[in-house]
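*Asks:* Here you go, one structure.
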Amino acid sequence: MKNDANYQADSASRHNLKRLGLIRAVVLLGQGLALVYFSLFKPIDLPTSSIAWVLAIYASVTIATANRGRVNIPITDREFFVHLLVDIFFFSILLYFSGGASNPFISYYLISISIAAIALPGLYTFVIAAIAMACYSLLLNYHIPVSAIAPNSMGHSMAGNNLHILGMWANFAISAAIITYFVSRMANELKSQQQKIAEHREQQLQDEQLLAIGTLAAGTAHELGTPLNTMKLLVDEMLEQQDKNQDLTLLSQQIDQCRITLKQLQTTANESTSDAYSAQSLSSYFDPLFERWQLMRPELKASISYADCAVSAPDLTFHPTIAQSILNLLNNAADASPNSVEVTISWTKFEIEIQIRDQGVGLDATNIKNIGKPFFSNKSEGLGLGLFLSQSTVTRFGGSINLQNIEDGGTLTTINLPVNLTLKTENEE
């Protein structure tokens, strides 16, 4: 669960909101101490009661925000954006009562812009910067003057052409633009790199699982050879003694299929070491594959059809392991629906789509998040490896597998495969 992207995003948002609460606490403490000092020890004609009320309301908002972090509801980017707008709102009111743009703390607006650039998408950052810039501009003319902190040149307004105030405004505008553009891009790049590192770690873990399963499969295949040969000899002897026994004939065919499967495993392993795969027509690839599947499932009534597509069927260049992945999914459908499975193949110039529809009970909603994970299976005798191996293989070569419940019952498995399957490299990802 902790590897889930939504969980990680919500966790980051909660940490950011907690840090924002700490920043608010520091600002409140500083503003409170400044109000006490300039009201009691060095009065400068501040509207003390008005500022005290604003600070009290702001403190209440800060406490409520701290409690919000404990509520088990996801914190979205939009909500965090609103929190920053609230900060700008209260800070603007405080500046209005304490000299407006002439207040040396006017540059605190840059803190909100910086936080937005680091924590939020670019659009939200741009809106925060624009609103902060608008508030700064309004405070140039609309504020309660405080003579003790005003420049001594030509007054406080734009009409007075106060170069000091105008210089501060221009500096703020340039700083806000730099933060909005460059810091935001740098933060997004860091997030992207962290996401790639997380994906690489997950892929590495999956590769280790596949290696372990592959080693186990190789050992198991080696061990199965001897008992299969023994069974084949015994069945052949029994067939010689009992002519045309259907059960023994079927058993002999299934043993032959097991031996073919083991041989195919060795062949696939050898072919996988090569980077060059021969191109095949669509029918020459899928027809033998479906014949092999039907030999494995002699009692299954399978409906296999090729769609009437607008373009001619392309030639396929598939990695040898793709066939086994498709067989795994076909067998899963046959296990879920022993009487009927519908398979439809369609294509475009660049992609093959295989739809496998069964009439089973469908996917279990309570365990749907575990589907596709190693060693998890809804079947009582399942190993929990078929879907995991298929999904890992198909995804590794640029394809995708999607499973969904059908309204009138059963499961629809959709496999999308690029016509030319090549191994996805880190640069392509």
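The values are calculated or read from the model by the stated rules, or taken from the named source; none is laboratory data. No experiment lies behind these values; they were computed from the predicted model shown. When we count neighbours, we look across all protein chains shown, and the Cβ atoms used for this are built from the backbone with ideal geometry, even at glycine.
*Asks:* Only one residue in S39, S92, S60 is more than 32 Å from the chain's Cα centre (by Cα), farther than 30 Å from A170 by Cβ and at pLDDT 85 or above. Which one?
*Replies:* On the way: S39 fails: at pLDDT 85 or above; S92 fails: farther than 30 Å from A170 by Cβ.
Going through S39, S92, S60 in turn, the sole match is S60.
*Asks:* Quick one: in segment 51-77, which of the residues that are part of a helix (DSSP H, G or I) and free of Cβ contacts under 8 Å to residues at least 12 places away in the same chain is farthest from I144 (Cα to Cα)?
*Replies:* Looking only at segment 51-77, we keep the residues that are part of a helix (DSSP H, G or I), and these are 51-68, 77.
After this cut, where a residue has to be free of Cβ contacts under 8 Å to residues at least 12 places away in the same chain as well, the list is 53, 56, 60, 63-64, 67.
On the way: W53: 16, A56: 20, S60: 25, I63: 29, A64: 30, N67: 34 Å.
If we take residues in segment 51-77 being part of a helix (DSSP H, G or I) and free of Cβ contacts under 8 Å to residues at least 12 places away in the same chain, then N67 is farthest from I144 (Cα to Cα).
To keep it simple, each residue is scored yes or no on (1) aliphatic (A, V, I, L, M); (2) at pLDDT 70 or above.
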site: A218; (1), (2): yes, no
site: A221; (1), (2): yes, no
site: L224; (1), (2): yes, no
site: K232; (1), (2): no, yes
site: L250; (1), (2): yes, yes
site: R259; (1), (2): no, yes
site: A269; (1), (2): yes, no
site: S272; (1), (2): no, no
site: S278; (1), (2): no, yes
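*Asks:* Out of all the residues in segment 309-326, which are of a type outside the set (F, W, Y) and over 14 Å from Q391 (Cβ atoms)?
*Replies:* Of everything in segment 309-326, those that are of a type outside the set (F, W, Y) and over 14 Å from Q391 (Cβ atoms) turn out to be C309, A310, V311, S312, A313, P314, D315, L316, T317, H319, P320, A323.
*Asks:* Can you name every residue in segment 67-89 that is at pLDDT 85 or above and β-branched (V, I, T)?
*Replies:* Passing the criteria: V82, V86, I88.
*Asks:* Taking the stated definitions as given, is T393 under 23 Å from S346 (Cβ atoms) and at pLDDT 80 or above?
*Replies:* Values: under 23 Å from S346 (Cβ atoms): yes; at pLDDT 80 or above: no.
Here the answer is no, as T393 does not meet what is asked.
*Asks:* For segment 324-334, which residues satisfy the criterion of being surrounded by 18 or more Cβ atoms within 10 Å (Cβ to Cβ) and without any contact (Cβ under 8 Å) to a residue 60 or more places away in the chain?
*Replies:* Selection gives L327, L330, A334.
*Asks:* If you take the residues in segment 39-50 that are without any contact (Cβ under 8 Å) to a residue 24 or more places away in the chain and assigned to a helix (DSSP H, G or I), which one is surrounded by the most Cβ atoms within 10 Å (Cβ to Cβ)?
*Replies:* Restricting attention to segment 39-50, the residues satisfying the condition of being without any contact (Cβ under 8 Å) to a residue 24 or more places away in the chain are 39-43, 48-49.
Among the residues that remain, those that are also assigned to a helix (DSSP H, G or I) are: 39-41, 48-49.
On the way: S39: 17, L40: 9, F41: 7, T48: 15, S49: 10.
My answer is S39.
*Asks:* Could you pull out the residue among T348, T317, T321 that is out of contact with any Ser or Thr (no Cβ under 8 Å at 6 or more places or on another chain) and either of a type in the set (S, T, N, Q) or not assigned by TED's automatic domain parsing to the domain that holds G410 (or both)? Reasoning before the result, please.
*Replies:* On the way: T317 fails: out of contact with any Ser or Thr (no Cβ under 8 Å at 6 or more places or on another chain); T321 fails: out of contact with any Ser or Thr (no Cβ under 8 Å at 6 or more places or on another chain).
Only one candidate qualifies: T348.
*Asks:* Which one is surrounded by the fewest Cβ atoms within 10 Å (Cβ to Cβ) among residues in segment 335-367 that are more than 10 Å from G410 (Cβ to Cβ) and among the hydroxyl-bearing types (S, T, Y)?
*Replies:* My answer is T366.
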